[in-house]
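Visitor: I have a structure here, written as structure tokens, and I will follow up with some questions on it.
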Amino acid sequence: MTALTWRPARCWCPSLLQIFRFPVAQVHVGRPTMRASQQDFENAMNQVKLLKEDPGNQVKLKLYALYKQATDGPCNVPKPGVFDLVNKAKWEAWNALGSLPKETARQNYVDLVSSLSPSSQASSQGKHGADEKTQESKNIVVTSEDGITKIVFNRPAKKNAITFQMYQDIILALKSASTDNSAITVFTGTGDYYCSGNDLTNFTSAPNGMEEAARKGAVLLREFVNSFIDFPKPLVAVVNGPAVGISVTLLGLFDAVYASDTATFHTPFSQLGQTSEACSSYTFPKIMGPAKATEMLLFGKKLTAREAWAQGLVSEVFPESTFEKEVWTRLKAYAKLPPNSMRISKELIRKNEKEKLYAVNAEECTILQAKWLSEECVNAIMNFVSRKSKL
Ligand SMILES: CCCC/C=C/CC(=O)SCCNC(=O)CCNC(=O)[C@H](O)C(C)(C)COP(=O)(O)OP(=O)(O)OC[C@H]1O[C@@H](n2cnc3c(N)ncnc32)[C@H](O)[C@@H]1OP(=O)(O)O
């Protein structure tokens, strides 16, 4: 086992996301037994290599820390830089063991490995793995009925945060909806949230480093937003709950926005060391005036549904109890209107803006690419993934 590049026999690969999600202090360390010998320690190391399932990043971090403590003693190497996310997490786990004696660390390591029995692994990790797989394939659900194509953010366990894959799925869904038989296209969310915006781990879990991820992220974002600018049919948001970040800014490119009174609208870009996107630096001042747009986009002021309606970002607010029924009844009626008339009217509204919107989108993406690599942004994301901060 080489401590910094440790991998199990097969089946799993640690992601930065998971590594940062679990505080080391919560790790379950097995019940102490008799003092472990060097042989017990080596056997335990071999046992780790044979694990077939991912024991979870909290356990991996703890194993790493105990291994280092048992072999090298207390952590006395320099702390890795902020961009070196994995090694920084490992360093912090090791450093957290303070002056724990080598023998105790060895014992704890052996106890921890023995607690990872194949049967308990199979039941807990197997289940987790299956959930992840299901989520991956259905995080964006597209259905078409009654003249309406519905595109649903369907990742409720993560408040519908948008992964790189989901951006791509949405681009394809919009492409397909633009030529299908439906008259209108609707976005909504599963669960209590409409969408919590960009998945903040999109960049931390980048396999080829932050710079590459930022470059690809900017290209993807530009294409993603262009697909909203270009969408030819009426595009409606059914905002069933809180909306954050890009799920809010995109609303400026929608044709109608219906909100439950449980919805809120939050664009905490400065708090995240980021800047506005989805053309909101242009659409928001136009919709609500520069002073109100500044409060949202620079200061991260969160609006209630009624405030967002008063600012012109939302078309209408409905009580939660009747929201779904009222909105879908109305949308089904709208979907029966002559589709070509709706399409042409939308084209008339949008066509004089298109070149401007493309240009604004391009500039916002260029600026964001640099911001994602800034210390302000990296620190904000690190604080979120290590659970020090939440909006
Ligand atoms: C490539 C294109 C990039 C375009 C850029 C766009 C910019 C933006 O969109 S900026 C906005 C980014 N979003 C956020 O900053 C929201 C972060 N999330 C939160 O502050 C909170 O999670 C919440 C206020 C939305 C909800 O808090 P609550 O206490 O109710 O629930 P949690 O326990 O925090 O969340 C449940 C679960 O979901 C995970 N999660 C929620 N939002 C995100 C997110 N945006 N990215 C990644 N993960 C998210 C949260 O971590 C929890 O996960 P675990 O159960 O595994 O802990």
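The values are calculated or read from the model by the stated rules, or taken from the named source; none is laboratory data. What you are looking at is a predicted structure, and each value in this text was computed from that prediction instead of being measured. All Cβ positions, even for glycine, are placed from backbone atoms using ideal geometry, and neighbour counts span all protein chains on display. Side chains are part of the model used for accessible areas, which takes the heavy atoms of the whole protein and leaves out ligands, DNA and RNA. Shrake-Rupley method; radii C 1.70, N 1.55, O 1.52, S 1.80 Å.
Visitor: Looking at the structure I just gave you, is I162 under 15 Å from the mean Cα position of the chain (by Cα), more than 10 Å from the ligand (Cβ to nearest atom), open to solvent by less than 10 Å² (accessible area, probe 1.4 Å) and at pLDDT 95 or above? Give the steps one after another, and end with the answer.
Guide: Working: under 15 Å from the mean Cα position of the chain (by Cα): yes; more than 10 Å from the ligand (Cβ to nearest atom): no; open to solvent by less than 10 Å² (accessible area, probe 1.4 Å): yes; at pLDDT 95 or above: yes.
Answer is no for this residue.
Visitor: Please find, among T329, T366, the residue that is open to solvent by 60 Å² or more (accessible area, probe 1.4 Å), within 16 Å of the ligand (Cβ to nearest atom) and β-branched (V, I, T). Working first, answer last.
Guide: Numbers: T329 fails: within 16 Å of the ligand (Cβ to nearest atom).
It is T366.
Visitor: Could you run through the range 303-315 and say how many residues are open to solvent by less than 60 Å² (accessible area, probe 1.4 Å) and either small (G, A, S) or more than 23 Å from the chain's Cα centre (by Cα) (or both)? Let's see the steps before the verdict.
Guide: So in the range 303-315, the residues open to solvent by less than 60 Å² (accessible area, probe 1.4 Å) come out as 303, 305, 308, 311-315.
Right, trim to either small (G, A, S) or more than 23 Å from the chain's Cα centre (by Cα) (or both) and you get 305, 308, 311-315.
Counting residues in the range 303-315 that are open to solvent by less than 60 Å² (accessible area, probe 1.4 Å) and either small (G, A, S) or more than 23 Å from the chain's Cα centre (by Cα) (or both) gives 7.
Visitor: Exactly one of (1) open to solvent by less than 80 Å² (accessible area, probe 1.4 Å); (2) modelled with pLDDT of 50 or more; (3) more than 20 Å from V110 (Cβ to Cβ) is unmet by L66. Its number?
Guide: (3)
Visitor: Moving on. Suppose the filter is outside any helix (DSSP H, G or I) and within 16 Å of the ligand (Cβ to nearest atom); does L391 pass it? I'd like the intermediate steps shown before the answer.
Guide: Numbers: outside any helix (DSSP H, G or I): yes; within 16 Å of the ligand (Cβ to nearest atom): yes.
The answer is yes for L391.
Visitor: Same structure, new question: Applying the selection to the range 186-204, what residues are near the ligand (Cβ under 7 Å from one of its atoms) and among the hydrophobic types (A, V, I, L, M, F, W, C)?
Guide: The one that is near the ligand (Cβ under 7 Å from one of its atoms) and among the hydrophobic types (A, V, I, L, M, F, W, C): L200.
Visitor: So, one more: Condition first: over 22 Å from the mean Cα position of the chain (by Cα) and among the hydroxyl-bearing types (S, T, Y). Can you find one or more residues in the range 358-375 that meet it?
Guide: So in the range 358-375, the residues over 22 Å from the mean Cα position of the chain (by Cα) come out as 358-360, 362-363.
Those still in the list that are among the hydroxyl-bearing types (S, T, Y) too: 358.
Yes, the range 358-375 has at least one match.
Matching residues to (1) open to solvent by less than 10 Å² (accessible area, probe 1.4 Å); (2) assigned to a helix (DSSP H, G or I); (3) within 22 Å of R330 (Cβ to Cβ); (4) not basic (K, R):
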| residue | (1), (2), (3), (4) |
| --- | --- |
| P207 | no, no, no, yes |
| V257 | yes, no, yes, yes |
| G273 | yes, no, no, yes |
| Y282 | no, yes, no, yes |
| K301 | no, no, no, no |
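Visitor: What's the number of the condition V141 fails, among (1) within 16 Å of the ligand (Cβ to nearest atom); (2) outside any helix (DSSP H, G or I); (3) within 16 Å of A237 (Cα to Cα); (4) hydrophobic (A, V, I, L, M, F, W, C)?
Guide: (1)
Visitor: Okay, moving on. From the list L297, L373, pick out the single residue that is surrounded by 15 or more Cβ atoms within 10 Å (Cβ to Cβ), in contact with a helix residue (DSSP H, G or I) (Cβ under 8 Å, 6 or more places away or on another chain) and at pLDDT 95 or above. Give the derivation first.
Guide: Values: L373 fails: at pLDDT 95 or above.
Answer to the selection: L297.
Visitor: Residue check, I229 against (1) touching a helix residue (DSSP H, G or I) at 6+ places or on another chain (Cβ under 6 Å); (2) near the ligand (Cβ under 9 Å from one of its atoms); (3) β-branched (V, I, T); (4) more than 18 Å from L373 (Cβ to Cβ), all met but one. Which one?
Guide: It is condition (2) that I229 fails.
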